[in-house]
């Protein structure tokens, strides 16, 4: 499948991580909890998926590490926080636009069940 | 050792299977995240604790497999192999070159084809010899003992002796040809 958009589609894990970081920087566990909350508990990301995705996102410049610091709610361990970059925000916006277009098509074709109609 | 310590020790062991760069960058954060998940699970209830542990370990193991496959696909391992092969290849070529020169110089009037297979073998044997020797010399350089596993050491020494014997045998056998003796075989 090809896309005409300059930003390639994101994997579900990358999309959820960017969405979680769009509201502020978070450490690994914080990202997991935000993803769980954003998806109403439907997406439960494990450490293997999270850090594998973060590695590729760091390489691609979608996120960056901020200084290590203590999370006052989590104890006295210093943690690495991750924040979304400009490139990451653009990629997220492009993905959301893609979703919006798909939803519009689905609405046009009356694909939504009555209970979910927007 | 209590349950928490055991779980952490096992998870830490599992993380050592990640590729080196990945491990250096993320293993500390992954341990912290595992710790957070463990504490959360314990706070909620002991029910489903083993299925939770199983899920985390399997998910991390799949991540390890994925990262190692990606590393292989990137060609880093291949690059290391090629880098390791470069020095033995050059050393071996330097060793064989004088005999190639003798062959070309002394047999140019015999109208025979150049013995590529012979020189290929004469080049390959020292390459294998150096490749077997390299881990031993690396251990010695880093101050480690080379007799931690005597059986492997014995196998290596036998192979080294065999290769050296084959190479010297080949050289002695072919020396008259290199020196330009007519009708040599």
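We did not get these values from a lab; they are worked out from the coordinates using the rules stated. Small disclaimer: the values here were computed from a predicted structure and weren't measured. Cβ sites come from the backbone with ideal geometry, for glycine too, and all protein chains shown count toward neighbours.
Tabulated results
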{"item": "Rounded tilt (10° steps) of B:49-74 against the dominant C-alpha axis of chain B", "result": "30 degrees"}
{"item": "Contact order normalised by residue count of the stretch B:84-178, Cα under 8 Å, 6+ apart, percent", "result": "39 percent"}
{"item": "Percentage relative contact order, the stretch B:3-74, counting C-alpha pairs under 8 Å, at least six apart", "result": "44 percent"}
{"item": "Rounded Å value of the spacing that divides the Cα centres of the stretch B:108-165 and the stretch B:1-47", "result": "44 Å"}
{"item": "Relative contact order, percent, chain B [alpha-carbon distance under 8 Å, six or more residues apart]", "result": "20 percent"}
{"item": "Fraction of the pair-distance distribution of chain A above 19 Å, Cα-Cα pairs, percent", "result": "53 percent"}
{"item": "Column: log10 I(q)/I(0), Debye, Cα scatterers of the stretch B:3-74, q = 0.14, 0.24 Å⁻¹", "result": "-0.45, -1.10"}
{"item": "Evaluated over the protein assembly as shown, the Cα radius of gyration and Dmax, each in Å", "result": "30.4, 97"}
{"item": "Paired Rg and Dmax values of chain B, which use every Cα atom, in angstrom", "result": "27.5, 90"}
{"item": "Test item: A:69-80 mean partner chain Cβ contacts at 10 Å", "result": "2"}
{"item": "Gained length - residue B:40 relative to residue B:134, 0.36 nm times residue gap less alpha-carbon distance", "result": "28.9 nm"}
{"item": "Inter-site label distance for residue B:181 and residue A:66 at 7 Å from Cα along Cβ, in nm", "result": "8.2 nm"}
{"item": "Rounded tilt (10° steps) of B:20-44 against the dominant C-alpha axis of chain B", "result": "20 degrees"}
{"item": "Rounded FRET efficiency, nearest 0.05, which uses the C-beta distance separating residue A:83 from residue B:84 and R0 of 25 Å", "result": "0.05"}
{"item": "Rounded FRET efficiency, nearest 0.05, which uses the C-beta distance separating residue B:91 from residue A:44 and R0 of 41 Å", "result": "0.15"}
{"item": "Along principal axes, Cα extents of the stretch B:84-178, largest first, whole Å", "result": "55, 23, 15"}
{"item": "Pairwise label distance in nanometres, residue B:10 with residue B:66, each label 7 Å out on the Cα-Cβ vector", "result": "2.2 nm"}
{"item": "Förster-model FRET efficiency, 25 Å R0, residue B:142 and residue B:50, C-beta, rounded to 0.05", "result": "0.05"}
{"item": "Rounded tilt (10° steps) of B:76-106 against the dominant C-alpha axis of chain B", "result": "10 degrees"}
{"item": "Value of [θ]222 nm, deg cm²/dmol, for chain A, DSSP H segments ≥ 4, -39500 (n - 2.57) each, nearest 500", "result": "-16000 deg cm²/dmol"}
{"item": "GNM result for chain A, Cα springs below 10 Å: residue of A:79, A:69, A:26 fluctuating most strongly", "result": "A:69"}
